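Novice: My structure is below; once you've seen it, I'll send some questions.
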Amino acid sequence: MIDDHHYSSALNVNAGVEQPPQVNPNVLAHLRKSRALSLNEYVDGILSGSRMILGRAITLIESLLPKHYELAQQIVEQCLPHSGKAVRIGITGVPGAGKSTFIEAIGGYITGLSNQLAVLAIDPSSERSRGSILGDKTRMETLANDPNAFIRPSPSAGSLGGVARKTRESIILCEAAGFNVVFVETVGVGQSETQVHSMVDCFLLLMLSGAGDELQGIKRGIMEMSDILAINKADGANVSKAMAAKIQYQSALNLFPPHESGWKPTTLTCSAYDKTGLTEVWKNVLDYVNTTKGNGFFERKRSEQNKHWMYETINETLRDRFYNNLQVEKLLPEFEQKVLDGKISSFAAAKELLSKA
């Protein structure tokens, strides 16, 4: 018989070190303190230049909740009179052109001239690809920590029109917060360039050397809408190739019809890595703004953009109301199946559903 008094089980567990909580208590405390802000608090915070409140307001704009949408629209309306003073620049480029490095390099140059820079993005990535621009913010580490810069990734999924409208509203808030230069970057390719062009003053296309190949891969329409074409990575052994590409691209641009703006598109070379040519790029942006303001095109373009976004908002609102209609939601699967089975034409199905909305 074993004496229990003298037996020590190997299964006995001594009291260990107290484990830390799984969630940082400081974060929890911050979340508890975070409360819903009033309309006036949002507007006053934005106008005073608060980055935190600006970020929260843009989050409201991006929200799909109806209550957030109403508040966001009120914020935009009240900030609108304080916007419009910034230079809005659209930036797009061929894959591999080094957009993030370029934006960080020229962004640092611009803030170094006592400017306030906001960088926004249009990312119309689909639910299928799950794309995101968050990586761009990580790569722009220096600019992200610049006190005179504000980088805001766009939603990682959604309809292009919806994401674009939210980006345009974000521009208004950034301008009201005191940013006098706004970059709108395209993350996707294709239609996103057209959407960016419809909300900026100056459109910059970033390219690489080896023009013969790249000219085949870029749509003529994107080149036609470009005001400035910058050939990046003009450094090291690539300088001569970049200069040759500059001549070829300029020749291609000269074949296009004259711009309504009265501005003759320019081709430049630069190196985001060596930080060369950035002064010339920025000077050309300012020359474009001065030229178009001088001949009245600048204001005409902005007025046309305002009209464009009125119709875009109408179309998006009608679309949302249709798909959120309870009767449409109920009947949609049934009509979809009828179309798939060939029992009804797609046009007849659409007409019938529209009559129910």
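Novice: How many of the residues in the range 275-299 are of a type outside the set (Val, Ile, Thr), more than 15 Å from Asp227 (Cβ to Cβ) and surrounded by 13 or more Cβ atoms within 10 Å (Cβ to Cβ)?
Specialist: 3
Novice: Another one. Out of curiosity, is Lys330 surrounded by fewer than 16 Cβ atoms within 10 Å (Cβ to Cβ), more than 28 Å from the chain's Cα centre (by Cα), in a helix (DSSP H, G or I) and on the phi < 0 side of the Ramachandran plot? Write out each step before concluding.
Specialist: On the way: surrounded by fewer than 16 Cβ atoms within 10 Å (Cβ to Cβ): yes; more than 28 Å from the chain's Cα centre (by Cα): yes; in a helix (DSSP H, G or I): yes; on the phi < 0 side of the Ramachandran plot: yes.
Yes; evaluated as a whole, the condition is true for this residue.
Novice: Could we say that Arg168 is at pLDDT 80 or above, crowded, with 18+ Cβ neighbours inside 10 Å and farther than 21 Å from Phe102 by Cα here?
Specialist: Details: at pLDDT 80 or above: yes; crowded, with 18+ Cβ neighbours inside 10 Å: yes; farther than 21 Å from Phe102 by Cα: yes.
Taking the combined requirement at face value, the residue satisfies it.
Novice: Name, by its number, the condition in (1) under 30 Å from Leu205 (Cβ atoms); (2) assigned to a helix (DSSP H, G or I) that does not hold for Pro95.
Specialist: Of (1) under 30 Å from Leu205 (Cβ atoms); (2) assigned to a helix (DSSP H, G or I), only one is false for Pro95: (2).
Novice: Within the range 222-237, does at least one residue satisfy the condition of being assigned by TED's automatic domain parsing to the domain that holds Arg88, under 26 Å from Phe297 (Cβ atoms) and acidic (Asp, Glu)?
Specialist: Within the range 222-237, one or more residues are assigned by TED's automatic domain parsing to the domain that holds Arg88, under 26 Å from Phe297 (Cβ atoms) and acidic (Asp, Glu).
Novice: Would you point out which residue out of Gln78, Gln73 is in contact (Cβ under 8 Å) with a residue 12 or more places away in the chain and part of a helix (DSSP H, G or I)?
Specialist: On the way: Gln73 fails: in contact (Cβ under 8 Å) with a residue 12 or more places away in the chain.
Selected residue: Gln78, the only one of Gln78, Gln73 that is in contact (Cβ under 8 Å) with a residue 12 or more places away in the chain and part of a helix (DSSP H, G or I).
The values are calculated or read from the model by the stated rules, or taken from the named source; none is laboratory data. Since the structure is predicted, the reported quantities are computational estimates derived from the model, not experimental observations. We place every Cβ from the backbone using ideal geometry, glycine too, and count neighbours over all the protein chains shown.
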